[in-house]
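Report on one structure; see the data block that follows.
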Amino acid sequence: QETENITIYGNVGTVTVDVNGGSTAKEVAASINSVQGTTGVYATAQTRMNISFPDQASATQDTVKFNLYGKNDSAIQIAANVEFGVTSGRSANLTSLAGAINGTTGKTGITATLDVTKSKMTLLSNEGYDIVIEDYELINLAAPNLVASGADRDLADVGNSISVTENLDPNTVQV
């Protein structure tokens, strides 16, 4: 992994720290906090991922399964029923999926919230651990893909969205 430099300009002083290019937000915050006595700067970390599913031609639902990683080193399997949205019709309903994720918060450090329509979910790691979804699959259907992207403070999508395909590459997404 490449080393990156971060220069911290604080009210006490200025310091440049090296961080690994693949560092988690938690690790970057720890690097900044390690020189707090010299700079006067303190950092916190938070990681966010938005998840949605494309609308379908007709009303369908299925059980969505994937492994979720946050602060955990071993896979935590998430499985829940999802009602997929209908093109020019009703929105998706990710309520059960959000509930399944929130049921594992103690192990993963990740919480899930829904937008007002319940069709878009935001995963949040308040400690700054990377959020990783792997081995996405549906029990009965061959589609749809899971669409994931990073999220900003206002929970709007940032960066490129990744369409995760069941049992095919890419089948893992990380923010």
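The values are calculated or read from the model by the stated rules, or taken from the named source; none is laboratory data. Keep in mind that what you see is a predicted model, and the values were worked out from it rather than measured. No Cβ is skipped: glycine too gets one built from the backbone with ideal geometry, and neighbour counts run over all protein chains shown. Calculation scope for accessible area: heavy atoms of the full protein, side chains included, ligands and nucleic acids excluded. Shrake-Rupley method; radii C 1.70, N 1.55, O 1.52, S 1.80 Å.
In the context of the full protein assembly, VAL12 retains an accessible surface of approximately 100 Å², using a probe radius of 1.4 Å and ignoring ligands and nucleic acids. Taking all protein chains as shown and a probe of 1.4 angstrom, ARG48 keeps an accessible surface of around 40 Å².
With all pairs of different C-alpha atoms in the average, the Kirkwood value for the hydrodynamic radius of region 97-151 is 12.6 Å.
Counting only Cβ charges, +1 for Lys and Arg and -1 for Asp and Glu, the dipole size of the chain around its Cα centre is about 520 debye. The H on the amide N of LYS120, modeled in the peptide plane, is under 5 Å from the matching H of ASP115, each at least 5 residues off or on a different chain.
Less than 5 angstrom separates the built amide H of ALA43 from those of ASN33, all sequence-distant by 5 or more or on a different chain.
Here the mean projected area of the convex hull built on the C-alpha positions of the chain is 11.2 nm².
For region 154-163, 3J(HN,Hα) computed residue by residue from phi via the Karplus equation (6.51, -1.76, 1.60; θ = phi - 60°) reads 8, 6, 7, 4, 10, x, 7, 6, 10, 9 Hz, glycine and proline entered as x. Between ASN50, ASN20, LEU141, the Cα set farthest toward the positive side of the dipole of the chain (charges on each charged residue's Cβ, about the Cα centre) is that of ASN50.
Residue pairs exceeding 20 angstrom between C-alpha atoms, taken from LYS26/LYS71; LYS26/LYS118; LYS71/LYS118; LYS65/LYS118; LYS71/LYS120: LYS26/LYS118; LYS71/LYS118; LYS71/LYS120.
In sequence order, region 109-116 has phi-based couplings of x, 10, 10, 10, 10, 10, 6, 4 Hz under the Karplus curve 6.51 cos²θ - 1.76 cosθ + 1.60, θ = phi - 60°, and Gly or Pro positions carry x. Computed about the Cα centre, the dipole magnitude for region 28-122 is approximately 140 debye when only Lys and Arg (+1) and Asp and Glu (-1) carry charge, each at its Cβ. Running a GNM on the chain with Cα contacts under 10 Å, which residue among ALA156, ALA92, ALA112 ends up with the highest mean-square fluctuation? Of the options given, ALA156 has the highest mean-square fluctuation.
Among ASP115, ASP73, ASP18, ASP135, the order of accessible area from largest down is ASP73, ASP18, ASP135, ASP115, computed with a 1.4 Å probe on protein heavy atoms.
Comparing THR38, THR63, THR165 in a Gaussian network model of the chain where C-alpha atoms under 10 Å apart are linked, the largest mean-square fluctuation is found at THR38. With a 1.4 Å probe rolled over the protein heavy atoms of all chains, the accessible area of LEU155, LEU94 falls in the order LEU155, LEU94, largest first.
In the context of the full protein assembly, TYR42 retains an accessible surface of approximately 140 Å², using a probe radius of 1.4 Å and ignoring ligands and nucleic acids.
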